Amino acid sequence: MCSSDLKIAEAYGISRTPLREALKVLAAEGLVTMKVRRGAYVTEVSEEDLKNVYHLLSLLESDAAGVVATQATAADLAELQALHQALEAAAKPEKAGKAQKPNTDQFFAINEQFHMRLLAIANNRWRDQMVADLRKVMKLNRHNSLLKSGRIAESLTEHRAIMVALSARDAQAAALRMREHFANGLEAAA
């Protein structure tokens, strides 16, 4: 630990021991890289890492979408539809000075809620844990795909297609639409 660690501990009103333990946990999850006598650094995500993470998320979440299409209750689908409507609202431009832009922070948050709720409905705790771990790595990517020009509108169109497939109870179409959603997200992130 170095003097900056002491400053961080003081800023949060904690001792250095819980800070060290937290850094160890983050290192075990791959989110932080520990360097001897140099401290802790946020782990860099390579293009290959990002490609692999998107691939695995695509497999896991498309499988979940297929399960939801056939097993979700009407109430589950209504909940996903409500989240989708909230996504639609967040994507609408809001006035910010002279320029109009979507509320990206709100869109990001609701988008994650949508995906996590879909996974919860599919009800596989092992898949949920793998996705949660992969999403942590994805968040390390500073070139967020949704920040690319036009990507929010594209993502919203993809979510609409997913909702159509889920509502039709078409497992194959739901899985396919989710795979396309991740493929397009990876393309935008590259």
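The values are calculated or read from the model by the stated rules, or taken from the named source; none is laboratory data. Predicted model, so just to flag it, every value in this text is computed and none were measured. Cβ: placed from backbone, ideal geometry, glycine included. Neighbour counts: every protein chain shown. These area figures cover heavy atoms from the full protein model, side chains too; ligands, DNA and RNA do not enter into them. Shrake-Rupley method; radii C 1.70, N 1.55, O 1.52, S 1.80 Å.
Remark: pairs (first residue in the stretch 20-31, under 19 Å from residue 7 (Cβ atoms); second residue in a helix (DSSP H, G or I); Cβ separation under 8 Å; 6+ apart in sequence or on different chains) = 20/5. Evaluation of residue 8 against the conditions (1) part of a strand (DSSP E or B); (2) in contact with a helix residue (DSSP H, G or I) (Cβ under 7 Å, 6 or more places away or on another chain); (3) open to solvent by 50 Å² or more (accessible area, probe 1.4 Å) shows that the sole unmet condition is (1).
Close contacts from the stretch 109-124, counting a first residue that is over 14 Å from residue 82 (Cα atoms) and a second that is part of a helix (DSSP H, G or I) and not acidic (Asp, Glu), with Cβ to Cβ under 7 Å and a gap of 6+ residues or different chains, come to 119/64; 119/127; 119/131; 121/68; 122/64; 122/67; 122/68. Residues of the stretch 132-152 include none that is at pLDDT 95 or above and in contact with a helix residue (DSSP H, G or I) (Cβ under 8 Å, 6 or more places away or on another chain). Is there a residue being in a helix (DSSP H, G or I), modelled with pLDDT under 95 and open to solvent by less than 40 Å² (accessible area, probe 1.4 Å) anywhere in the stretch 161-172? Within the stretch 161-172, none of the residues are in a helix (DSSP H, G or I), modelled with pLDDT under 95 and open to solvent by less than 40 Å² (accessible area, probe 1.4 Å). Looking across the stretch 137-157, the residues that are surrounded by 14 or more Cβ atoms within 10 Å (Cβ to Cβ) and either more than 15 Å from the chain's Cα centre (by Cα) or not hydrophobic (A, V, I, L, M, F, W, C) (or both) come down to 141, 144, 145, 148, 151, 154, 155.
Do the conditions hold for residue 20, that is, is it outside any helix (DSSP H, G or I) and over 15 Å from residue 136 (Cβ atoms)? No; evaluated as a whole, the condition is false for this residue.
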